[in-house]
Amino acid sequence: MSDQSAVAGRSHRVRVAQRCREITEARWFATAVFLLILGNAAVLGVETYAGVTARFQEELQLVEHVFLAAFATEMLLRAGVHAVRPGDFFRDPWNVFDLVVVLAAFVPAARENSTVLRLLRLARVLRAARFLPQLRIVLVAVGRSLPGTVSFLLVGALLLYVYAMVGWVFFADHDPQHFGSIGRAVLTLFLLMTLDGLGDAVHAGLEISRWSFLYYVSYVLIASFVLVNVLIGVVINSLEEAREIEKAVTEKDEAAQAARDEPKAADGAADGARLRERIAAARRALDELESALPSPPAPRTHARPDAPAAVDETRFRV
């Protein structure tokens with residue numbers, strides 16, 4: 001009895017998973033969720049106007065409850081896809097992110113803090129990346145470029161500190177506004193990294209010493225050209241890796257969809273084969289029935305007794 005219950009429960013979970021998968025993989029479902037995210041972002045923007053918030057406070061709260069219920073329903077459907085193996089739901093990082101964003105809104109501490117609640121509602125806007133493949137690739141690329149970016153920041157910080165100390169040694173007495181302390185020197189060089197005010201800084205340095213030209217030129221070449229190009233290279237490399245990951249995920253999803261559709265196609269082919277066998281068997285039965293029936297008798301010709309006898313025409317020949 002327990003085995004039958006387990007089989008029945010698994011069959012029910014399989015049906016639930018198939019139904020939820022049909023809904024979540026439908027085009028209208030993705031469009032509806034994307035429109036809900038855009039609507040949530042629009043409501044957040046409207047709430048920045050104090051007059052509108054004061055006038056339609058209850059209506060806006062009702063709209064927020066509707067959005068929250070819709071997103072919770074979406075999470076239930078996405079979790080239902082993995083009803084057979086619930087652990088697979090947490091293997092997708094987007095599922096984990098969406099679940100945290102949605103469930104955090106139900107935490108009492110978050111609901112009582114308006115600032116935290118607004119930040120959580122703002123985080124829902126980031127869920128739009130799930131439905132935009134190109135944006136998803138960019139976000140994955142940014143995440144994968146973080147280790148290289150950290151290395152770039154360490155090298156940049158070291159470069160800033162060395163050049164700031166050199167600038168403080170040579171220019172602190174003559175230009176205390178920009179190099180009077182290590183902090184002022186770092187801020188000045190950080191702005192020069194963007195080439196902002198480079199001309200004024202070079203002219204001010206030439207008034208102090210003509211060798212200051214080498215100081216500014218070497219710094220700009222290393223900071224603005226070498227390091228920035230290294231950072232761009234790191235991001236581009238991460239972008240290519242993100243494209244490969246997205247391609248692999250897409251191929252995996254297509255293979256999984258084909259694997260799910262294969263039993264249906266096999267069932268359809270089996271049904272067609274069974275139908276053809278039944279038709280052939282019916283034809284054989286009809287042929288056997290037709291051969292077993294007796295053949296109809298040949299029609300007979302009966303002469304009438306009062307019919308005149310045939311005339312022998314040879315007697316009348318000359």
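Observations on the model:
- Residues of region 1-99: accessible area per residue with a 1.4 Å probe, Å²: 65 Å²
- Listed values for region 213-218 are Karplus-derived 3J(HN,Hα) couplings in whole Hz (6.51 cos²θ - 1.76 cosθ + 1.60, θ = phi - 60°), namely 4, 5, 4, 5, 5, 5, and x replaces Gly and Pro.
- Sites TYR49 and LEU146 - FRET efficiency at Förster radius 41 Å, r taken between beta-carbons, to 0.05: 0.65
The values are calculated or read from the model by the stated rules, or taken from the named source; none is laboratory data. Here the structure is a predicted model, which is why all the values come from computation and not from measurement. With ideal geometry, Cβ positions are generated from the backbone for all residues, glycine too; neighbour counts draw on all protein chains shown. The protein model used for the area step is the full one, side chains on, heavy atoms only, and it has no ligands, DNA or RNA in it. Shrake-Rupley method; radii C 1.70, N 1.55, O 1.52, S 1.80 Å.
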